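Okay, so here's the structure we're looking at.
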Amino acid sequence: IVGVLGYGGGVIGRYCDLPTEFPGVAHFHTVRVNPPSGFYYTSTAMKELCDIWDKYGSGLWNMHGSTGDIIWLGTQTDKLEPIFADLTAKGWDLGGSGSCLRTPSSCVGMSRCEFSNIDTMSICHTFTQKFQDELHRPAFPYKFKIKVSGCANDCTASVARADMSIIGTWRDNIRIDAAEVKNCAKDMDIKTEVTDMCPTHCMSWDGSTLKINDKDCNRCMHCINRMPKALRPGKEKGATIMLGGKAPIVTGALMSWVLVPFMKLEAPYDNLEDLIRKLWEW
C-alpha cells in the first residue's frame, strides 16, 4: 500500500511480480488527478500536467475513464511525494481511490448546453470541495460515486455508472412553439420520428397540432432532441436524485432507482448535502 502523507486515496500501488527481470517496472503506481468540472482545460494547464508527469512518471495517461479522473500510469514510490508537491503547487489535487467518495464528475451543463436544467459544473465543484475528507481518506465499506447530468440525455452515463445520479429535469409543462412545430413538419415525419417514439405515448400529432399530456411525460428528452427549436424544457427546473447504478463486468449494468423525483437545486445545495450525509450515516 502506497500513498502520499495525509491521504488514504489517490494512489494505487502497482508492482511487478518479476522485479529483478523487469527492474524498469518493478514499481508502476497509478496516480489519480482530480480534473476540473466539465473537463475544461487551458493549454497552459495541460502543459503543466505534462511537465510534472514527464519529470516523475512514465508519460502514459488515461484521460477520464469510468473514474472521471486523469489517470497517470506508472511511477515509483519515491516519486509520489514530489509529484504531489508539484501538483498542489500548480493548484491541482489527487482524485479518489479505494473505499471512499470517488471524484465527482459532471457534464458541461449550462456552459455549453442550452437544455441543461441545473448548473452541473457548480454542483460538481461544490461537492468536491465540501466532501474533501470523504474523498481523500477512505472510511466507507465500499466506493461511492456521484455523477451529475443536466438532463435525461445523461451525458455522464450516471444512471448506470454512479451510486448517486443527479439528473436535471423540470416539474411543469414542456414549452411548445407552435410556429416552429409547423416548420419541423416540413422536413420530418413528426408522428413517426417523435410522437410514436415517445416511451409513455403522451404525445399526439394530427398533422397540424402537437399535443402533450404532460401528466404522463417522463422528461426523457427524445422529443426535445428531435425538435429543439419547437420544444423546450419547462421553467420550473431542478433534479431527480437516483441511487444504485453500477456497471459490473460480470452481471452487466444495474440501473439506478428514483429516490427523490424532484428537488430544487440552488447554491450552496445544502438540501442535497443533507440528503447525501443522511444516506452515508444510514
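The values are calculated or read from the model by the stated rules, or taken from the named source; none is laboratory data. What you see is a predicted model, and the numbers here were worked out from it, not measured in a lab. Because the Cβ atoms are built from the backbone with ideal geometry, glycine has one as well, and the counts that use them run over all protein chains shown. Only protein heavy atoms, including side chains, enter the accessible area calculation; ligands, DNA and RNA are left aside. Shrake-Rupley method; radii C 1.70, N 1.55, O 1.52, S 1.80 Å.
Highest mean packing comes first when the peptides 72-83, 156-167, 200-211, 96-107 are listed by Cβ atoms within 10 Å, giving 96-107, 156-167, 72-83, 200-211.
Within the chain, the proportion of C-alpha pairs whose separation exceeds 32 Å stands at 37%.
Compute the helix-to-body angle for 80-89: its Cα long axis versus the longest principal axis of the chain, expressed 0 to 90° and rounded to tens. Once rounded, the angle reads 50 degrees. Take every Cα pair under 8 Å whose residues are at least 6 apart in sequence, average their separation, divide by the length of the stretch 223-282, and the relative contact order is 26 percent.
Each part reduced to its alpha carbon centroid, the stretch 40-101 and the stretch 200-249 end up 39 Å apart. Partners of K90 within straight-line reach, counting aspartates and glutamates whose Cα lies under 12 Å from its Cα and excluding those fewer than 8 residues away in the same chain: E48, D51.
With axes computed from alpha carbons, what is the tilt in degrees of helix 270-281 against the longest principal axis of the chain, rounded to the nearest 10 within 0 to 90? Helix 270-281 sits roughly 60 degrees off the main axis of the chain.
Ignoring any ligand, DNA or RNA, what whole percent of the accessible area of the stretch 11-94 comes from carbon and sulfur when the probe is 1.4 angstrom?
Values: 2460 of 4300 Å².
Carbon and sulfur: 57 percent of the exposed surface of the stretch 11-94.
Using just the C-alpha positions of the stretch 143-240 as equal point scatterers, what log10 of I(q)/I(0) does the Debye formula give at each q in 0.18, 0.21 1/Å? Calculated log10 I(q)/I(0) at the listed q: -0.83, -1.03. Contact order for the stretch 11-94, expressed relative to its length and based on alpha carbon pairs under 8 Å spaced 6+ residues apart, stands at 31 percent.
For the chain, the residue among V31, P261, T44 whose Cα projects farthest onto the positive side of the dipole built from Cβ charges is P261.
Of all aspartates and glutamates in the structure, the ones whose alpha carbon falls short of 20 Å from that of K143, not counting any fewer than 8 places away in one chain, are D69, D93, D133, E134, D163, E273, D274, E281.
Is there a pair in K47/K145; K145/K211; K79/K246; K186/K215; K145/K182 whose C-alpha atoms are over 32 Å apart, and which pairs would that be? Provide the component values of the computation, followed by the final result.
Numbers: K47/K145 29 Å; K145/K211 39 Å; K79/K246 34 Å; K186/K215 28 Å; K145/K182 43 Å.
From the list (K47/K145; K145/K211; K79/K246; K186/K215; K145/K182), the Cα-Cα distance tops 32 Å for K145/K211; K79/K246; K145/K182.
Relative to the first principal axis of the alpha-carbon coordinates of the chain, what is the inclination of helix 43-56, with its axis defined by its Cα atoms, in degrees from 0 to 90 and to the nearest 10? The answer is roughly 30 degrees.
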